[in-house]
Each structure stands twice: as structure tokens, then as C-alpha cells.
């Protein structure tokens, strides 16, 4: 069949011409002659029985058939490069490498648990799994996933426009908490204990950065409780900065439960006794829709699902 005769050099040449819009420029990038580029394209068009480019004074412009072919040709070349890179990584590291993106507010509880789980399961296999972990905002991670810089993302459900070509699997719902140090006046002063929210204006409040899903949730929480603009705020997604500042000051930290769970478990921070019902955000696993999972990726995903299920059992109110 025709596709059996299409070689990598055909795809590489086609993509170079499509990217640069010129056979001459493509020849320079590929370090071959322009006649060689023309011959390779003619072979490809002959095998497909369509014209891929319209050549003229403006250069080489994709035809409708060329545009359709480009979408799949680019994915094929990228997948081949990924396969070669994964083999090289495995040879160098002696293990399969999975590149994982995770929100900084999800990472504190999830990643230590995931690494411990993989440590426990690793010795029983011939080859362990190495993780390459990236953190960033949800839009950044999804863009990197779509560009195949990441294998999977643990993040929040995004707007439909950001989810094109991606799939989302719900893992759990993470509510916001108001975290403070154990000796905070809102916990120690009887005059403030009765209604902590009424005295929130008195203290510095740490909020997520504007434009994020959790900031929208925090703003909605304040609005529905009749709380106007806060006197002093610090806006950041940095868990380390927020944790250290909250532990050493009278600040009140608006944060997802997952971000502060290790500190709550250790007693370094405590939640204010305020109902946070309605602040839950969906956290899940996002993959490319066209992905064919490797064994290592399946093992990491299986571990993530297991940890999420355990978390739901431990926190039945968070569905």
C-alpha cells in the first residue's frame, strides 16, 4: 500500500517546506540541495496522488490536502522523535522516564506519596521508573502537554477551549481552607473566635494570583460572605513562601487542602473553624487524546489513581 513506501525523509522534507514556505529555505535547513527537496516532494505527492503545495512567486503554499496531511505528518514525526528520545533516556538512566506536570498547589501532598509508592513497587521490577517533574500554572502545563513536552498533567479542569485534543479524568475535589499558625489570635482571642471571618480585615490574607481558578473561588467565597476588599493581601501560588510566612506571622492563607495537608497533619498550621462548603475544585488527570501509553506511564497513572482513591476514602466530604 502507498503509506508503506512513505519514509521519514519524505515527512521531514514536507514539514520543512510547510514551515518555511520555500523549497530553497527548506533545502538550507535540511542541508540538501533544492533539486533534492523538489524530487522528494514529487515522490511524496506521487504516492499520495495529490498536490500538497502550490508553488509560485510567493513560495510554496499548502493546498487543502497539504493542510490535512500536515496535521498528521507533524504528529507522526514528533512521535518518532519521542520514541527515539525515550530509548536514549532508558539507555542512559537504566529506566523508563515519565515527564509529569503538576500544579504547585497539588504537588505537596501528591508527589511525596507518589514517589514513596513507586519506591515500594520499583524493586520488584526489572527496570524502575524515573520521574521528571514540572510545576506551573494550569494553562502552562496544558500547553506543554499539547506540545508533547509533558506526558501527563495533574491539574484542574480547564475551559473547553483549553481542552481541545485532551482528555480529563476526575480524581477528587479539593476544597479551600483558611490556614493559620496554631497560636493565631483568631484561635486564641475569645473576642475573635466566635466569628473569625468578621475580623479577617485585621490580618494579612494570602490569596492565589488573579486569573486562576482557585482565586476565582476565593473571591466568590469572600463575596458571598459579604466581605469587601481586604486591607492587605499577598498574591502568590508559591506554597513554600505562603507556608513559611503563615507559620511565622498572623497571616491567613487561602489555599487548597492538598497544598497545606502536610502542614495540617504535622500541626505546623491549622484550619480556621469556618465552613468552606462550595469551594471545592475538580482535580484530575489530563492526557492527550491520541496518546498510546507506555508501560511506565500506565504504572505511574495507576499509582496516581490509587492515591486519589485513598484520599477520597479519607475525606469522604471531598468527592
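The values are calculated or read from the model by the stated rules, or taken from the named source; none is laboratory data. None of the values given here were measured: they were computed from a predicted structure. Don't worry about glycine lacking a Cβ; one is built from the backbone with ideal geometry, like all the others, and counts go over all protein chains shown.
How about region 128-187: which strands (runs of 3 or more DSSP E) wholly inside it have at least 3 residues that are surrounded by fewer than 22 Cβ atoms within 10 Å (Cβ to Cβ) and in contact with a strand residue (DSSP E or B) (Cβ under 6 Å, 6 or more places away or on another chain)?
129-135, 166-174
Residue check: is residue 284 in contact (Cβ under 8 Å) with a residue 60 or more places away in the chain and surrounded by fewer than 11 Cβ atoms within 10 Å (Cβ to Cβ)?
no
Which one of these is on the phi > 0 side of the Ramachandran plot and at pLDDT 75 or above: 26, 73, 49, 60?
Residue meeting the stated conditions: 49.
When the residues of region 90-115 are narrowed to those that are more than 18 Å from the chain's Cα centre (by Cα) and within 12 Å of residue 131 (Cβ to Cβ), which ends up modelled with the lowest pLDDT?
Among those residues, the one meeting the criterion is 93.
May I ask you to list pairs of residues, at least six apart or on different chains, whose Cβ atoms are under 6 Å apart, with the first in region 219-246 being over 11 Å from residue 200 (Cβ atoms) and the second being loosely packed, with under 11 Cβ neighbours inside 10 Å and modelled with pLDDT of 90 or more?
none
Filter region 5-23 for residues that are within 16 Å of residue 58 (Cα to Cα) and touching a strand residue (DSSP E or B) at 6+ places or on another chain (Cβ under 9 Å) and give the result.
17, 18, 20, 21, 22, 23
Do the conditions hold for residue 223, that is, is it surrounded by 20 or more Cβ atoms within 10 Å (Cβ to Cβ) and more than 19 Å from residue 186 (Cα to Cα)?
no
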